[in-house]
1. How far is it, in nm, from the label point at Asn674 to the one at His879 when both lie 7 Å from their Cα along the line to the Cβ?
2. Which parts of segment 245-286 would a label at Gln317 reach, counting a residue when its backbone N lies under 18 Å from a point 7 Å out along Cα-to-Cβ?
3. Take Ile387 and Val455, extend 7 Å from each Cα along the Cα→Cβ direction, and tell me the distance between the two endpoints in nm.
4. Please report Met888, Met157 as a ranked list, fewest other C-beta atoms within 10 angstrom at the top and most at the bottom.
5. May I ask for the Kirkwood hydrodynamic radius of segment 104-248, worked out over all distinct Cα pairs and given in angstroms to one decimal?
6. If I take R0 = 56 Å and measure r between the Cβ atoms of Glu722 and Ile813 in this structure, what FRET efficiency does the formula 1/(1 + (r/R0)^6) give, to the nearest 0.05?
7. Do any trypsin sites (Lys or Arg not before Pro) in segment 286-383 lie in a DSSP loop with no more than 13 other beta carbon atoms within 10 Å, and if so, which?
8. Could you give the nm distance between label points at Glu915 and Leu425, where each point is 7 Å from its Cα heading toward the beta carbon?
Amino acid sequence: MEQRLAAAAGGRNHNLFPKSLNAVLSLINNPCTSDSTLTTISKTLIFHLQNPNSNHQQILSLLSTLSDHHPRLHREVSAAVNAFILLPSIPIPALPHALSLLDPANSAALDLFSDESLFLSLCFYECVKTRKWVLRNVSKFRVRPSVLLTILLGFTMDPYPYIREAALDGLVMILNDGVVVEDRSLVGGCYFRAAELLFDADSSVRRSAVSAVSEWGQLNVASNPDECKRDWSDALFLQLCLMVRDMDVEIRVAAFNALGKIPTVSENILLQTLSKKALLSTKEKIYPGQYTEKLTKIPATAAAFTFLHGLEDDFFQVRRSACHALQTPTVPSAEFACGTVDILVCMLNDASVVVRLQALETLHHMASHGHLKVAESHLDMFFSILIDNDALIRSAMRKTLQFTKLQKLAMFRSCIENLIKNLELYPEDEADIFYALYRIGCLHRKFVVKVIQEVSQELEPSFDGKLGFNKVRTAGLFVLAISAPVSLERKTSSVPPQIFSYAVTLLGRICCGLVDVVDENTLLTYLSQCSRFTFTSTSENIEGGSLDFGLKYNRIHLHEKSNKVSSPSEILGPNEFTSPVESHVKSMSCVKIIFQKIVDLWPLIQLGCMNEVARTLRSWKEETRLFTRDSHQPAGVLVFAMNYIHTIKLLGNAWAYSLSKTNLQLKGMGALENLLGKMERRLTEMLYRYVGMTRNEELHILELMLVTYAIRLACGDTCYFEEYMRKLDFVLHSIEYLHKEGSVEISRFVTELQNASREIGNSEDKAVDMPDLLLNSLSLFSLQHIMLSGELKHLDAEVDVCGNDFRKPLPFIPGLPVGIPFEITLHNISSEIKLWLAISVGERSTQFVFLDLNEFGGSDERRKFNFVAPFFRTPIVKHLVLKVSIVMESLSEDRNLKRCNRPKHELIYLSGGREVHLSMVVR
């Protein structure tokens with residue numbers, strides 16, 4: 001093949017190229033093609049490109065593929081295409097494809113894209129595809145804006161709809177590219193021409209016209225004198241209102257999106273959008289615009305029922321856009337905002353979660369600008385949303401309540417009571433609810449004082465001196481009390497000071513809720529200081545101000561009192577509460593507290609109360625995940641903690657399931673085996689994927705593995721009796737080895753299990769004796785506290801094949817090996833660890849390729865390299881999907897000692913499965 005290509009390059013065989021087209025394409029796509037062959041292909045294609053008798057479209061397509069797959073040849077291809085464009089005999093249809101291969105920023109190509117004659121010749125060429133390409137790529141050309149606008153305006157009258165659509169998109173594109181148009185008449189011409197096309201017969205043209213009207217309309221408003229801006233803004237708003245009733249869903253969505261971008265609209269027009277009847281204030285007003293194909297004046301009554309029409313649309317996409325469009329006009333018009341509250345509250349009953357979320361976001365936007373006037377009738381709907389099944393809906397409702405100004409004490413009291421009920425129903429939302437209670441308290445400090453004084457007896461210890469800090473109601477009231485006003489100067493408090501002392505007992509839980517507001521040390525200092533203050537009655541004035549927290553300076557800030565009524569955004573500040581806590585010390589502290597509390601869940605697991613246990617574990621897992629949000633590679637201790645929490649949840653479900661004979665009889669062993677299989681995989685990963693574990697931590701994981709095997713064997717799983725007894729004995733021997741080193745103590749559960757294992761081995765009727773012996777051992781198990789004493793490093797890996805997906809498969813020939821280029825990244829993996837690439841074809845077979853890390857550079861902390869792995873078992877199919885993972889050999893007992901070129905120990909998966917798409921080479 002290479003000789004034939006070389007002959008073609010030498011000019012001895014001009015007819016070779018058409019016959020070899022598929023073979024050339026396969027060679028370009030094949031990653032194993034040598035550099036010399038690719039260079040020969042490049043020379044051959046460039047040679048035929050200069051030949052006037054060649055098929056230039058096919059050659060340019062091959063050169064484009066060659067440049068994309070092999071960037072080192074891009075400069076050579078670009079230079080050849082540039083020379084081809086300069087030929088006097090170049091065919092016009094090939095010009096767009098040739099220009100697409102050039103970089104407009106390149107100095108050689110800059111002259112071409114700045115050539116107005118070339119641009120005009122392409123624009124007026126008879127081929128429709130050529131004109132369409134020019135319009136789609138108009139931003140690449142460096143010609144005068146006046147020329148661009150003239151051409152684009154002309155093409156808006158083209159007979160082909162997709163040319164008109166491309167011309168409108170081009171008008172929007174040049175504005176987005178920063179082209180400055182100062183001629184007011186030209187701006188108006190573009191705006192009104194786009195408005196005319198709002199009535200085009202083709203839906204794609206109307207859709208593009210909506211975007212063009214929005215962009216050029218805003219420019220038209222800005223270019224007019226100040227005294228005319230409001231009228232032109234109203235005219236633009238009315239022009240877009242006409243499109244919210246279009247038959248096309250996407251056009252209605254685009255219209256509402258465009259309405260949401262208009263910053264200022266007259267209040268009477270906004271009020272008209274909420275009414276079907278014409279208002280007296282809008283009845284006689286008319287504005288310039290395109291009302292129909294022939295009428296060029298728009299009456300103000302055209303806005304009638306605009307938003308209500310969108311909010312009642314059959315498609316949720318339109319309803320969502322209409323909700324979002326309400327955000328912008330609510331800011332300047334308080335009366336309009338009041339009129340929309342009833343409508344948005346009704347939207348909270350929408351069947352679509354997306355629409356309900358957008359309605360809540362709009363209400364939150366209104367509240368944050370002080371325009372949300374809530375009546376008592378609205379609160380009932382708000383409180384019903386607090387018990388929604390969707391966690392995102394509940395969270396969005398709480399965020400809205402944080403900024404809602406309540407006018408009456410009864411409304412505030414009802415809000416607090418419902419938030420506390422919300423806390424009782426959804427303990428996993430505790431942190432979010434605590435934060436909401438604190439923010440609402442900061443906004444209604446006088447109401448806080450009255451409520452805390454009413455419930456102060458509930459916050460006092462009982463007669464035996466014990467404080468009911470486990471009650472969620474008590475915890476919520478303590479958070480509310482923290483927001484009460486105090487005077488640091490006079491050292492006085494508006495609530496009983498002992499309440500601050502009691503709140504210290506819940507310091508960890510409260511800090512989890514106020515994590516974005518205050519750290520634990522600052523809160524402890526504040527509570528200790530306030531507990532020594534003097535209590536003042538409500539009739540006394542607390543001078544000085546109220547307390548606010550700020551992590552930025554890590555100290556307590558005091559807001560001076562004033563007679564000015566501040567909005568929530570002024571009180572809380574724009575960035576005061578958005579600083580995330582990423583400190584390693586805080587994350588370790590959080591994990592240690594969670595590990596301490598997990599032990600307290602064991603009695604509930606034994607009683608089978610898994611609903612409560614699952615909710616609590618879920619909230620702790622979310623709490624831990626907060627520390628990993630802003631980290632691409634989270635700390636090993638955080639990943640370990642999340643895996644451990646999930647393992648305890650699996651353990652609890654398996655424990656409850658195994659002890660319930662009814663479940664086993666009704667559903668058999670399938671569900672239990674699934675739980676135990678997941679738990680075994682998790683524990684194996686925790687044992688081998690973390691570096692830096694102490695012997696006590698290893699012992700803890702090994703004991704949990706013993707529980708897994710004991711439950712499986714005790715519940716009558718005799719199919720794999722020998723395998724799991726071998727696993728049980730291996731773990732017992734590992735624990736015995738740790739004990740002999742004198743560093744760990746063996747629990748009664750392990751001792752009893754060792755005796756049971758020996759008795760089972762000596763028993764003649766293992767099926768009868770085994771369950772009782774193992775259940776007796778399990779009755780002695782008790783979950784212990786795992787203490788992380790040091791830093792853990794998480795072993796992780798990533799594997800990728802750049803640019804490969806179902807649209808760009810790698811070529812292969814069935815029955816022959818194929819090389820697959822991988823990009824591999826390893827984290828915290830030393831060269832002593834045995835790594836393999838596992839390449840699977842469905843579930844039928846897996847091929848392993850060994851990775852010798854000594855051959856690659858990089859440090860153990862992070863190692864990144866490229867590796868071409870051969871795959872030998874290519875079946876006779878047209879398309880093939882492989883699943884590739886990086887696996888590590890564990891240090892457990894040998895599995896495949898007699899097989900070569902395969903792992904000999906149990907495998908631990910370090911990466912998710914990456915799909916690799918292959919396609920058969922067409923001969």
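FYI, it's all coordinate maths here, none of it is from the lab. In this text the structure is predicted, and so the values were computed from the model without any measurement. Please note: Cβ atoms are built from the backbone with ideal geometry, for glycine as well, and neighbour counts cover all protein chains shown.
1. 3.0
2. Hits in segment 245-286 for Gln317 at 18 Å: 245-260.
3. Going from the Ile387 label point to the Val455 one covers 1.8 nm.
4. On the way: Met888 22, Met157 12.
Fewest-to-most Cβ neighbours within 10 Å comes out as Met157, Met888.
5. 15.9
6. Details: r = 44 Å, r/R0 = 0.79.
Calculated value: 0.80.
7. Lys294
8. With each label placed 7 Å out from Cα toward Cβ, I get 4.0 nm.
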